[in-house]
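The values are calculated or read from the model by the stated rules, or taken from the named source; none is laboratory data. All of these numbers come straight from a predicted model, not from anything done at the bench. All Cβ positions, even for glycine, are placed from backbone atoms using ideal geometry, and neighbour counts span all protein chains on display.
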DNA sequence: CTGAAAGCGCTTACAG
DNA sequence: CTGAAAGCGCTTACAG
């Protein structure tokens, strides 16, 4: 690969001039600029990014923190692929690459004193590699660690976790609004006894969906008896168990809003086992709109999240901070009610 | 962040000695080494990776090529998440990070003359960032471009695409063996009229699955009439269409082996629409073992790929080359027959 | 075993 | 507008 020196020699100018042509082209005379540009093109010159990062203390990289291989092996992000597509596309459009940071739980890092999901380790990597900022994806157990990142002062944006810090923000769906839409949809279909299966209490989207559910029920003048609120963990078995307990109630609900599609599928299974027809005897509404939602029997009514849009919004937020545009407010992306056959 | 100079001053040694403590510890006297190590720990010293990469021409990064946002927007990798988990874990274990390279179709890169999926652009990025090597994931249309990478001489390993080059290899499932298992399973269940829905002709796994199918059928002494081989594109609609045409045959098959679970689900739908009972009147076997396979009705018999294992194998292969261990032979990971209710 | 020095390839005040 | 020079933080022959 040619270097800036070779270009300079071939053009009969100094390396400073060559550098300027790429970084502040307007400060170079038209003639010299054109010569340099032509020669650079002919030699297919590309700046060495390591040298660049060393000199400027900036790299064209954004870090991605996504812990994978410990503690919750079964954990599966409901829409990681779409999220990555949105994130990567939006970052690419601005010439940034995405660096998936090695899990801090790795042997190599543990050797230097880092513990699992250790924010310090990630913050160090960020500095060592001159990353512009960090995107944090919760892998089901690191939410608390995220707070520590957020306070590091590095630009960071979390997905589906609310963090707070000088240069920290987050992106999530409008979970409150989505849950409210679910309630209004069910009420509109004539339901009055509506239960909900929530996500974990510690999870922000779970809390918001419950809040939205409660607020909308109150708005409709409907009561929510305590036994109509069952906590799940977002996974299918918990939805199935929750539904089983709801069905066993003296006065079971006629409709249930599940805080995730996985749990809604579990609810569908429980209904089938109990011999309940869906939607005639039980209406079910989920949240996420995962691929499976359209394929189960009956197809699931759900609140679709703008999965790729969340990735795009996260990318925009980091880039805004990287470019000195201040810390953006948290973004709440609208959800969309997709009515299928599991409710009416 | 402290630098090597500060450590050196505090310890009263030269920067060379400090550097050696981290890179060739045995060449430093025990006393000095221990002092340096202690001070480094106290200051939480971490080497600046940009400086390191500049000096050594090596970075602790492996590049990932996965084009996302063009030409085939609907394309979905059947097991990207598991693949990434395997890849990242195995890389992490050796202290390497994974750099998701910006899509070369981005405006920024196009501006410098790179076209879509342009191997040259990726090869350049690899050099500019001193990446150790490249992992290539086919996004449905880039297989041909992969050949160009492979010939660049950079260490690269492709997933599910056969590439050939001085430092290129690939990882895939034992597709031939998997298809053969499917055939033997169906024959064992008493079927003799067995059809197959293949993937695209240009796709290596598709070709291998067809070869395995044919070989096993021959081995069982069974004929494969030409109309029993229908080409699909791995997606559901194509499986559904293919099954429809098979059902319409004067002598329809009693069993079908689909080269992907998505197509098998399509086949299931076609069978349902035609009023055929599965598995009584038609047995269906898929390939992949995606999450959906266990959840459709009836649950799908399929050949499970070792998804994370493929990622791990890819990681091992690049690292072997990075560490000068030569070019590993292509790896064919075993598949596992998972018998569910769609066949018997 | 250790240090002085050159070098990796680029950027950016500082003079002119 | 342009160049000489210092500097980013590290590594590695080369002497000793």
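Restricting attention to the stretch B:20-32 and to residues that are under 16 Å from residue B:52 (Cα atoms) and in contact with a helix residue (DSSP H, G or I) (Cβ under 6 Å, 6 or more places away or on another chain), the residue that is farthest from DNA strand D (Cβ to nearest atom) turns out to be B:21. Scanning the stretch B:7-16 for residues that are more than 8 Å from DNA strand D (Cβ to nearest atom) and part of a helix (DSSP H, G or I) yields B:8, B:9, B:10, B:11.
Would you confirm, using the coordinates I've provided, whether residue B:13 is touching a helix residue (DSSP H, G or I) at 6+ places or on another chain (Cβ under 9 Å), on the phi < 0 side of the Ramachandran plot and without any contact (Cβ under 8 Å) to a residue 24 or more places away in the chain? Show your work before the answer.
Working: touching a helix residue (DSSP H, G or I) at 6+ places or on another chain (Cβ under 9 Å): yes; on the phi < 0 side of the Ramachandran plot: yes; without any contact (Cβ under 8 Å) to a residue 24 or more places away in the chain: yes.
So residue B:13 passes the test.
Just wondering, is there one or more residues in the stretch B:33-45 that are closer than 30 Å to residue B:100 by Cα, in contact with a helix residue (DSSP H, G or I) (Cβ under 9 Å, 6 or more places away or on another chain) and assigned to a loop (DSSP other than H, G, I, E, B)? If you could, list the steps in order and put the result at the bottom.
Looking only at the stretch B:33-45, we keep the residues that are closer than 30 Å to residue B:100 by Cα, and these are B:44-45.
Cutting the leftovers down to in contact with a helix residue (DSSP H, G or I) (Cβ under 9 Å, 6 or more places away or on another chain) gives us B:44-45.
Restricting the remaining residues to those that are assigned to a loop (DSSP other than H, G, I, E, B) gives B:44-45.
For the stretch B:33-45, residues closer than 30 Å to residue B:100 by Cα, in contact with a helix residue (DSSP H, G or I) (Cβ under 9 Å, 6 or more places away or on another chain) and assigned to a loop (DSSP other than H, G, I, E, B): present.
Has the stretch B:80-88 got any residue that is assigned to a helix (DSSP H, G or I), in contact with a strand residue (DSSP E or B) (Cβ under 6 Å, 6 or more places away or on another chain) and either more than 16 Å from DNA strand C (Cβ to nearest atom) or farther than 30 Å from residue A:137 by Cα (or both)? Checking the stretch B:80-88: at least one residue is assigned to a helix (DSSP H, G or I), in contact with a strand residue (DSSP E or B) (Cβ under 6 Å, 6 or more places away or on another chain) and either more than 16 Å from DNA strand C (Cβ to nearest atom) or farther than 30 Å from residue A:137 by Cα (or both). Every condition in (1) assigned to a loop (DSSP other than H, G, I, E, B); (2) farther than 24 Å from residue B:152 by Cα; (3) over 30 Å from the mean Cα position of the chain (by Cα) is met by residue A:19 except one, and the failing one is (1).
Suppose the filter is within 12 Å of DNA strand D (Cβ to nearest atom) and within 38 Å of the chain's Cα centre (by Cα); does residue A:47 pass it? Spelling it out, it is not the case that residue A:47 is within 12 Å of DNA strand D (Cβ to nearest atom) and within 38 Å of the chain's Cα centre (by Cα).
Of all residues in the stretch B:319-329, one or more are modelled with pLDDT of 95 or more and within 14 Å of chain A (Cβ to nearest Cβ). Here the condition is being outside the structural domain of residue B:139 (by TED's automatic domain parsing) and within 15 Å of DNA strand D (Cβ to nearest atom); of B:35, B:39, it holds for B:39 alone.
The single residue among B:229, B:197 that is under 30 Å from residue B:147 (Cα atoms), buried (at least 22 other Cβ atoms within 10 Å of the Cβ) and not assigned by TED's automatic domain parsing to the domain that holds residue B:154 turns out to be B:197. Please determine whether any residue of the stretch B:56-63 is part of a helix (DSSP H, G or I), at pLDDT 90 or above, within 16 Å of DNA strand C (Cβ to nearest atom) and not assigned by TED's automatic domain parsing to the domain that holds residue B:138. Yes: one or more hits.
Specify which of the listed residues (B:276, B:249, B:269) is outside the structural domain of residue B:96 (by TED's automatic domain parsing) and either buried (at least 22 other Cβ atoms within 10 Å of the Cβ) or assigned to a helix (DSSP H, G or I) (or both). First the steps, then the outcome.
Values: B:276 fails: either buried (at least 22 other Cβ atoms within 10 Å of the Cβ) or assigned to a helix (DSSP H, G or I) (or both); B:249 fails: either buried (at least 22 other Cβ atoms within 10 Å of the Cβ) or assigned to a helix (DSSP H, G or I) (or both).
Result: B:269 is the single residue among B:276, B:249, B:269 that is outside the structural domain of residue B:96 (by TED's automatic domain parsing) and either buried (at least 22 other Cβ atoms within 10 Å of the Cβ) or assigned to a helix (DSSP H, G or I) (or both).
For the stretch A:1-25, filtering for residues that are within 6 Å of DNA strand C (Cβ to nearest atom) and within 14 Å of another protein chain (Cβ to nearest Cβ) leaves 3.
Under 39 Å from the mean Cα position of the chain (by Cα), within 30 Å of residue B:125 (Cβ to Cβ) and more than 9 Å from DNA strand D (Cβ to nearest atom): is that true of residue B:59 in this structure? Yes: the conditions hold for residue B:59. With respect to (1) more than 7 Å from every other protein chain (Cβ to nearest Cβ); (2) at pLDDT below 95, the lone exception for residue A:69 is condition (1). Of the numbered criteria (1) in contact with a strand residue (DSSP E or B) (Cβ under 9 Å, 6 or more places away or on another chain); (2) assigned to a loop (DSSP other than H, G, I, E, B); (3) in contact (Cβ under 8 Å) with a residue 40 or more places away in the chain; (4) surrounded by fewer than 21 Cβ atoms within 10 Å (Cβ to Cβ), the one residue B:161 fails is (4).
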